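Trainee: Below you'll find the structure I mean.
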Amino acid sequence: MKKLDKCAWYEQGFEILKTKGAADLTIENLTKKLNKTKGSFYHHFKNRDDYFEKLLKFWETKQTFDIFEISKQKKTFKEINSTLLKLSKENMDPGIEVAVRAWALRDPLARNFQERIDTQRMGFLRSMFSLMTENPEQVEMISLIRYCLYIGSHQIIPTIDETIYRKNLDALMEMFETYVELNQSKTVQTGE
């Protein structure tokens, strides 16, 4: 019998989360789906709580690593935003996002991880939008709206088609740019 690495356990855990929810994320269900013994599970994890923590850490790393890499490599707003959109499309699994958020409503450990992920993502957006405007109130508002669109678009049933999402996001970005330009013009006119 072929040995499984931890990633296979995580992938199966995410699949159970997406299709059945956190209540069905049990050692028995994992081993059954993977056709493995409980001994195989315990080879990688101390217990269910250890598995949960490592699964959530894996999710956190997957959802935040790339955005920090972008900020190291890209320097302009347009470069960062373009790369972020590309990575979002490649790495985002709306089903897992929704399942982890639902889990976080009931479980303090999941909530702690989700809060950290949201905080890191918002921090990244603030940094990105601070390249568009120096006004901290605008940066905060634009970052929050952008993040709410991103998260909310995955909560809608049926999910929004990627093409429609991208078109709406492009329109939103144009609105942000117009908003920033108008407010900069007002500031120059009033001398503030």
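Quick note: the coordinates plus some simple rules give every number you see, no bench work behind them. No experiment lies behind these values; they were computed from the predicted model shown. FYI the Cβ positions are ideal-geometry reconstructions off the backbone, even for glycines, and counts take in every protein chain you see.
Trainee: For helix 6-19, report the angle its Cα long axis makes with the longest principal axis of the Cα atoms of the chain; keep it between 0 and 90° and round to the nearest 10°.
Mentor: Between the helix axis and the principal axis of the chain, the angle is about 70 degrees.
Trainee: Of the residues Leu30, Leu125, Leu182, which exhibits the maximal mean-square fluctuation in a Gaussian network model of the chain defined by a 10 Å Cα contact cut-off?
Mentor: Leu182
Trainee: Taking the Cα centre of the chain as origin, sum charge times position over the Cβ atoms of Lys and Arg (+1) and Asp and Glu (-1), and report the length of that vector in debye to the nearest 20.
Mentor: That gives a dipole near 1000 debye.
Trainee: For the chain, what is the mean residue ellipticity at 222 nm derived from helices alone (per DSSP H run of n ≥ 4: -39500 (n - 2.57); sum divided by total residues; nearest 500 deg cm²/dmol)?
Mentor: Here the helix-only value at 222 nm equals -27000 deg cm²/dmol.
Trainee: Pairs of alpha-carbon atoms within less than 8 angstrom and 6+ residues apart define the contacts here; what relative contact order does the chain have, in percent?
Mentor: Contact order relative to length: 18 percent.
Trainee: For the stretch 60-190, what is the convex hull (Cα atoms) projected area averaged across all directions, in square nanometres?
Mentor: 8.6
Trainee: Can you give the extra length, in nm with one decimal, that the chain gains between Thr76 and Asp24 once fully stretched, where that is 0.36 nm per residue apart less the Cα-Cα distance?
Mentor: 14.3 nm
Trainee: Only loop residues by DSSP count here, and only those with at most 14 other Cβ atoms within 10 Å; note down the GluC sites (Glu not before Pro) in the stretch 1-87 that meet that.
Mentor: Nothing satisfies the criteria.
Trainee: Check each of the trypsin sites (Lys or Arg not before Pro) in the stretch 75-142 and keep only those in coil by DSSP with at most 10 other C-beta atoms within 10 angstrom; list them in order.
Mentor: Loop-located and lightly packed - Lys75.
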